[in-house]
Amino acid sequence: MRDLLRHPTGLAGAVLLALIAVMTIFGPLIAPYDPQQFHPLSRLQGPSVAYWLGTDQFGRDILSRILNGARSTILFGLGATMAGVAAGGAIGLIAGAIGGAVDSLIMRLLDGLLAVPDLLFTLLIVTVLGGGSGHAMLAVAIAFMPGLARIARSTVLSVRTREFVLAAQARGESPVYVIACEIMPNTIAPIIVEATIRVSFAIMLGATLGFLGLGAQPPSTEWGLMIAEARQYMFRNPICVAAPGVAIALAALGFNLLGDALRDLTDPRGRR
Amino acid sequence: MTQLPITRRSALAGLAATTALPDLSFAQGAPKSVGTPKSGGTLKISHPTRVASLNVLQISGPAEYLAVDMLYSGLTRMGPDMRAQPDLALEWSADADAKSFVFKLRPNVSFHDGKPFTAEDVVATIKTIQDPKSASPARTVLSMIGDVAAVDPLTVKFTLTSSYADLPISLAHANARIVSAETLKGPLTALDTKANGTGPFKQESFDSARLLKLVKNPAYHQPGKPYLDAVEMHLFPDLAAETQNYLSGAVDAMLEVQQADFKRISTAPGSVGVRTPSGRFVNVVMRQDQKPFDDVRVRRAMAMAVDRPTLVDIILEGYGRPAGDNVISPGYRYLLETTAPKYDPAAAKKLLAEAGYPNGLKIPLICSNRPAIRSQVGIAIKEMAKPAGFDIDVQTMPHDTYLANVWMKGQFYIGYWGMQSTEDQAFTLLFTTDAAFADTAWNSKEFDALVAKGRATIDDAERRKIYAEAQALMVRDVPSVIPFFQDVLTANRSYVKNWVGHPLARYFFVENVWLDKA
């Protein structure tokens, strides 16, 4: 952690994520208004003392909606990534540990899936499953799975011929023990780095699906949905669109910077 | 056969038809032409919803209505003044009790494939609509037709099962345009992609995901029209992109303008916003064969928990009028002026307590995500009804899911409907027991009887009285909350002349449109 905070990129990412974490945990408590409360006489107002970021088309306080929306937006990013890591990591671990024909079969299938861009893949899945936050999260997790499986497998391949693995096998440990207790703990670091960066992509994909009407649905305060709902009014109050847009950008930037720093710190070639 | 008295509507329409033949455009309720029309040019119209089909007997989308209005003609057509105007019929007459109608057809009219239009085509079209297999929305509207027969090639006789003075209006239904008898002998699915009508424009190309291109029908039955050489309908699923394309001059007219953009579009240089009062409405469906809405006090409490003027302001941006749960808007002939329930959360809360909900009522309200106005109304009503004790959980879902799981089945959801041509059509669309979409399950025998009686009554004053009673019942029982009537908003570049709005948004008179370009 100390190394991370000494790293300029890591420090910037940590600061941004600390801000986002505060919003996620305490947002609903510190929001000045109920995020759904109408103020019909104050519609589409610019920033003021009463409404720091102005109001939307219903007269709802934009700041309160941003603070409340942090939870759904960040939880979406974390949830989709963790699900993708769990599924992709397990597949990569099995493919790498077993090897042979099973490995080849799994990896060719995943190569095929990797050829489809993430956004297209998620759109395809959401179209089949139907919209909504749950399906959108599942779609992003599935889209992430092939890439994460490939990283997990390559890490397993580099670990499985190491001395401590061979020693465990020589001791007569079961394959399950070898995978779970010897190989897996040594593959986690690169996956964490990759996952941290992918959270930012997941946030942006979630916001994109929300914007397209395929993710969170009204009256959710999810940031992508906020942009979609306010888009028609952006000429009358640009902050309606700009505020959730900046929030998405900062959250994505925070995870990206942190991921970059973690990669630098865990990559032996990058150490000076 | 006895002619109806001159005061009766059908006779008036017939008279108008026969006296105004020299200049039919005025007889058809078209706008007064500005300047001398110029021929030529291509009109590019943008629209946000797909033209999924060209099947005139089945279509129901906003852009599809425009397409078939240009491709097909009906016996009659509804003018912007909400009166039935002659189209393929030159004139009509009815017997004294309005049970038998004779329509004289326009001679020398041909379909786009060159085949002549005759009474047999009318008979074939009506009989196809009456066949349940056609799945035509016009079927219910024309259900009173017992028999239709060709008297001669240019005369058609309709025999009705009960008196119905509004038959010429019902025949103007957007899905009752005339298709050739020969086409109808083949599979109806052929109509989905290939149109062969008698309208002012002919189909040139059709890509439902992008563009419908039509070209002038030189054999159109109105001499000298259409003025345009071609019309292109461009699909813009993204509303912001559609607006920007219009403002940049890439298209000449917008079929629909969103309320949020209307002021900006109307005041943009070279742009004209067209606002037409309409009876289009959103309704809060409260299914009455289930608790809690089987109790009229709960429905009345809901009605009092909705601030209608505020809804008009925040949802419609002022482009509409508050309504009082009566489906009949000021554009209809027999409107009963009633006062909308006042927003009174305290009284609503008291009523809710009397109905057995002293601690309020927690209930999910389902909204389709298309069009956005449904969820906007849901969100607004949630907040407005909160002080009255309604704890509403707004659940927005994809339109397909809504159609499959909620529509016609759900207990509490948001509907969205266009204006109808007559009171009878409005009542039988949603509210009678045998309505095409009876989703409120009101099932009021008293209301059904009044609607049936009104349909069979010829005397105008008597009919007004009957329909007034029906509307009073609707206001009393609140089968659904109808909070406002929404205006129809369109726009055109200033060089586009005679582009008109229509309260029904189903008739467009594009044959009168011309381009005043140098």
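Taken over region B:194-212, the residue count meeting the criterion of being within 30 Å of A:GLN232 (Cβ to Cβ) and surrounded by fewer than 17 Cβ atoms within 10 Å (Cβ to Cβ) is 5.
Of all the criteria given as (1) surrounded by 24 or more Cβ atoms within 10 Å (Cβ to Cβ); (2) within 12 Å of another protein chain (Cβ to nearest Cβ), the one not satisfied by A:GLY224 is (2). Might you let me know whether region B:429-446 holds any residue that is under 30 Å from A:GLY210 (Cα atoms) and surrounded by fewer than 21 Cβ atoms within 10 Å (Cβ to Cβ)? No. Residue count for region B:286-322 satisfying the condition of being away from chain A (no Cβ under 14 Å) and free of Cβ contacts under 8 Å to residues at least 12 places away in the same chain: 2. Looking across region A:126-141, just one residue is of a type outside the set (A, V, I, L, M), over 19 Å from the mean Cα position of the chain (by Cα) and in a helix (DSSP H, G or I), and that is A:THR127. Can you find even one residue in region A:16-35 that is in contact with a helix residue (DSSP H, G or I) (Cβ under 6 Å, 6 or more places away or on another chain), within 14 Å of chain B (Cβ to nearest Cβ) and of a type in the set (D, E, K, R)? Looking through region A:16-35, none of the residues is in contact with a helix residue (DSSP H, G or I) (Cβ under 6 Å, 6 or more places away or on another chain), within 14 Å of chain B (Cβ to nearest Cβ) and of a type in the set (D, E, K, R).
Considering only residues in region B:367-389 that are free of Cβ contacts under 8 Å to residues at least 60 places away in the same chain and out of contact with any helix residue (DSSP H, G or I) (no Cβ under 7 Å at 6 or more places or on another chain), the one that is farthest from the other protein chains (Cβ to nearest Cβ) turns out to be B:PRO371.
At least 2 residues being more than 26 Å from B:GLN420 (Cα to Cα) and more than 25 Å from the chain's Cα centre (by Cα) is the threshold, and among the strands (runs of 3 or more DSSP E) wholly inside region B:112-231 those reaching it are B:145-152, B:201-207, B:211-216. If you go through region A:229-264 and keep only what is surrounded by 24 or more Cβ atoms within 10 Å (Cβ to Cβ) and within 14 Å of another protein chain (Cβ to nearest Cβ), you end up with A:GLU229, A:ALA230, A:CYS240.
Residues considered: B:ASP344, B:ASP325, B:ASP295. Of these, the only one that is closer than 30 Å to B:GLY454 by Cβ and over 21 Å from the mean Cα position of the chain (by Cα) is B:ASP295.
Conditions (1) touching a residue at least 24 places away in the same chain (Cβ under 8 Å); (2) among the hydroxyl-bearing types (Ser, Thr, Tyr), marked per residue:
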| residue | (1), (2) |
| --- | --- |
| A:GLY10 | yes, no |
| A:GLY13 | yes, no |
| A:ALA18 | no, no |
| A:THR24 | yes, yes |
| A:PRO35 | yes, no |
| A:GLN45 | yes, no |
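Is one or more of the residues making up region A:107-125 touching a residue at least 40 places away in the same chain (Cβ under 8 Å), within 14 Å of another protein chain (Cβ to nearest Cβ) and either part of a helix (DSSP H, G or I) or within 18 Å of the chain's Cα centre (by Cα) (or both)? So far as region A:107-125 goes, yes, one or more of its residues are touching a residue at least 40 places away in the same chain (Cβ under 8 Å), within 14 Å of another protein chain (Cβ to nearest Cβ) and either part of a helix (DSSP H, G or I) or within 18 Å of the chain's Cα centre (by Cα) (or both). Return a yes/no flag: does region A:193-202 have any residue that is among the hydroxyl-bearing types (Ser, Thr, Tyr), under 18 Å from the mean Cα position of the chain (by Cα), at pLDDT 90 or above and assigned to a helix (DSSP H, G or I). Within region A:193-202 (the criterion being among the hydroxyl-bearing types (Ser, Thr, Tyr), under 18 Å from the mean Cα position of the chain (by Cα), at pLDDT 90 or above and assigned to a helix (DSSP H, G or I)), the answer is yes, since at least one residue qualifies. Residues in region A:156-212 that are in contact (Cβ under 8 Å) with a residue 40 or more places away in the chain and over 30 Å from A:THR73 (Cβ atoms) were compared, and the one that is surrounded by the fewest Cβ atoms within 10 Å (Cβ to Cβ) is A:PRO175. Residues in region B:118-169 that are modelled with pLDDT under 95 and touching a Leu at 6+ places or on another chain (Cβ under 6 Å): B:SER134, B:SER136, B:MET144.
Can you confirm whether region B:356-371 contains a residue that is within 27 Å of B:PRO237 (Cα to Cα) and of a type in the set (A, V, I, L, M)? Yes.
Residue-wise test of (1) buried (at least 23 other Cβ atoms within 10 Å of the Cβ); (2) out of contact with any helix residue (DSSP H, G or I) (no Cβ under 9 Å at 6 or more places or on another chain); (3) within 21 Å of A:ALA180 (Cβ to Cβ).
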| site | (1), (2), (3) |
| --- | --- |
| A:ARG71 | no, no, no |
| A:GLY79 | no, no, no |
| A:ALA83 | no, no, yes |
| A:GLY89 | yes, no, yes |
| A:GLY92 | yes, no, yes |
| A:ASP111 | no, no, no |
| A:LEU123 | no, no, no |
| A:LEU138 | no, no, no |
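Each residue in region B:229-273 was checked for being surrounded by fewer than 20 Cβ atoms within 10 Å (Cβ to Cβ), β-branched (Val, Ile, Thr) and away from chain A (no Cβ under 14 Å), and 1 of them qualify. Residues of region B:355-366 that are under 17 Å from B:VAL306 (Cα atoms), in contact (Cβ under 8 Å) with a residue 60 or more places away in the chain and more than 11 Å from chain A (Cβ to nearest Cβ): B:LEU361, B:ILE363.
Within the span defined as region B:338-354, every residue fails to be of a type in the set (A, V, I, L, M, F, W, C), within 14 Å of chain A (Cβ to nearest Cβ), touching a Lys or Arg at 6+ places or on another chain (Cβ under 8 Å) and surrounded by fewer than 23 Cβ atoms within 10 Å (Cβ to Cβ). For region B:462-504, a residue qualifies if it is small (Gly, Ala, Ser), modelled with pLDDT of 95 or more and surrounded by fewer than 24 Cβ atoms within 10 Å (Cβ to Cβ), and the qualifying residues are B:ALA468, B:ALA472, B:SER494.
Return a yes/no flag: does region A:198-219 have any residue that is more than 14 Å from every other protein chain (Cβ to nearest Cβ), touching a helix residue (DSSP H, G or I) at 6+ places or on another chain (Cβ under 6 Å) and more than 30 Å from B:ASP393 (Cβ to Cβ). Checked region A:198-219: at least one residue is more than 14 Å from every other protein chain (Cβ to nearest Cβ), touching a helix residue (DSSP H, G or I) at 6+ places or on another chain (Cβ under 6 Å) and more than 30 Å from B:ASP393 (Cβ to Cβ). Among the candidates B:LEU90, B:LEU57, the residue that is at pLDDT 95 or above, under 30 Å from B:THR457 (Cα atoms), in a loop (DSSP other than H, G, I, E, B) and in contact with a helix residue (DSSP H, G or I) (Cβ under 7 Å, 6 or more places away or on another chain) is uniquely B:LEU57. When B:THR401 is tested against (1) away from chain A (no Cβ under 11 Å); (2) in contact with a Gly (Cβ under 8 Å, 6 or more places away or on another chain); (3) surrounded by fewer than 18 Cβ atoms within 10 Å (Cβ to Cβ), exactly one condition is not met: (1).
For residues that are touching a Leu at 6+ places or on another chain (Cβ under 7 Å) and farther than 30 Å from B:GLY378 by Cα, tally how many sit in region B:470-496. The total comes to 2. The set of residues in region A:45-55 that are at pLDDT 95 or above and either assigned to a helix (DSSP H, G or I) or within 14 Å of chain B (Cβ to nearest Cβ) (or both) contains only A:THR55. When we screen B:VAL156, B:VAL179 for residues that are in contact with a strand residue (DSSP E or B) (Cβ under 7 Å, 6 or more places away or on another chain) and on the phi < 0 side of the Ramachandran plot, the only hit is B:VAL156.
The values are calculated or read from the model by the stated rules, or taken from the named source; none is laboratory data. Because the structure is a prediction, the values reported are computed rather than measured. When we count neighbours, we look across all protein chains shown, and the Cβ atoms used for this are built from the backbone with ideal geometry, even at glycine.
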